[in-house]
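A.B. asks: Here you go, one structure.
Just so you know, all these numbers are worked out from the coordinates, no wet-lab data involved. It should be emphasised that the depicted structure is a prediction, and the values quoted were computed from it without experimental measurement. Cβ placement follows ideal geometry from the backbone for every residue including glycine, while neighbour counts extend to all protein chains displayed.
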Amino acid sequence: MNISALTHQQLFRPGSESNGCTVAERYSADFLIDGESLLHTLVKIDGGHADFMGCFVKGFAEAAAKAVAMLFLQAPPDSASGRVLLYICPECGDIGCGAYSVRIEKTDIGYSWGDFAYENGYEDPRVIEAAGPFFFERSAYESAISCAAAL
């Protein structure tokens, strides 16, 4: 089993307004696994658009605390599939607009992320076969999650 490094970078979505349509500006956390953007990896494998925000969004402390609890397996996942939502709609954060999710397991040495999927809550999740699994050492994982949540 290879141990991966989990870090994050800021993910910025510029706001705009055109013809009465407003797009919200968002700052969120993009997870990096071994230095590579997980969002870009999932979009590249799965296809589609990359207009998502990470589960840690600047200005949404209560939602961040809930996401931390789920990522530490201290609270149940926020999807019926049993996966934790990592990347969500940048306008409303609702799974119904589409989200990238992960199944998390806790082991003796740390945490694993695998069984990634694109889901929307009303169709069966579309599993992304070529992504993961990734294994993280416990203290490094918990530190990385806490750091990302502090965005």
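A.B. asks: Test of understanding: ordering S4, S81, S143 by Cβ neighbours within 10 Å, fewest first, what list do you get?
C.D. replies: Arranged by neighbour count, lowest to highest, S4, S81, S143 become S143, S81, S4.
A.B. asks: For the chain, state the semi-axes of the equivalent ellipsoid (square roots of 5 times the eigenvalues of the alpha-carbon gyration tensor), sorted largest first and rounded to whole angstrom.
C.D. replies: In descending order the semi-axes read 24, 17, 15 Å.
A.B. asks: Let me ask something additional. Which whole-angstrom value gives the distance between the alpha carbon centres of the stretch 100-136 and the stretch 29-73?
C.D. replies: 12
A.B. asks: Can you figure out the FRET efficiency of S146 with N2, using R₀ = 30 Å and their beta-carbon distance, to the nearest 0.05?
C.D. replies: After rounding to 0.05, the efficiency reads 0.85.
A.B. asks: List the longest stretch of the chain that has no exposed loop site; here a site is one of the GluC sites (Glu not before Pro) assigned by DSSP to anything other than H, G, I, E or B, with at most 16 other Cβ within 10 Å.
C.D. replies: 26-90
A.B. asks: A further question follows. Does the stretch 8-66 come out rounded, prolate or oblate, given a ≥ b ≥ c as the square roots of the eigenvalues of its C-alpha gyration tensor, rounded meaning a/c under 1.5 and, failing that, prolate meaning a/b above b/c?
C.D. replies: oblate
A.B. asks: Here's a follow-up. Quick check on the chain: helices-only [θ] at 222 nm, where DSSP H runs of length 4 and up contribute -39,500 (n - 2.57) each and the sum goes over total residues. Nearest 500, please.
C.D. replies: -6500 deg cm²/dmol
A.B. asks: Read phi for every residue in the stretch 57-66 and hand back ³J(HN,Hα) as whole Hz from Karplus 6.51 cos²θ - 1.76 cosθ + 1.60, θ = phi - 60°, with x for Gly and Pro.
C.D. replies: 10, 4, x, 10, 5, 5, 5, 5, 4, 5
A.B. asks: With θ set to phi - 60°, apply the Karplus curve 6.51 cos²θ - 1.76 cosθ + 1.60 along the stretch 71-79 and write out the HN-Hα couplings as whole Hz, x wherever there is a Gly or Pro.
C.D. replies: 5, 8, 6, 9, 9, x, x, 8, 10
A.B. asks: Pull up all non-local amide H partners of L86: gap of 5 or more, or a different chain, and H-to-H distance under 5 Å with H placed in the peptide plane.
C.D. replies: It is Y100, S101, V102, by chain and number.
A.B. asks: Going by Cβ distance under 4.7 Å, what cysteines of the chain have no possible disulfide partner?
C.D. replies: Isolated Cys, the chain: C21, C55, C92, C147.
A.B. asks: Taking θ = phi - 60°, what integer Hz values does the Karplus form 6.51 cos²θ - 1.76 cosθ + 1.60 yield along the stretch 134-151, in sequence order, with x for Gly and Pro?
C.D. replies: So the J values, rounded to whole Hz, are 10, 10, 10, 5, 3, 5, 5, 4, 4, 5, 5, 5, 4, 5, 5, 5, 7, 2.
A.B. asks: Here is a further query. What is the set of long-range amide H partners of I128 at a cut-off below 5 Å, with H atoms built 1.01 Å from backbone N?
C.D. replies: For I128, the qualifying residues are F116, A117, Y118.
A.B. asks: Something else about it: Run the simple label-point estimate for N120 and E36 please: 7 Å along Cα→C-beta, distance reported in nm.
C.D. replies: With each label point 7 Å from Cα toward Cβ, the separation is 2.8 nm.
A.B. asks: Let's test the formula: R0 of 41 Å, r as the Cβ-Cβ distance of Q10 and T107. What FRET efficiency results, to the nearest 0.05?
C.D. replies: E between Q10 and T107, to the nearest 0.05, is 0.90.
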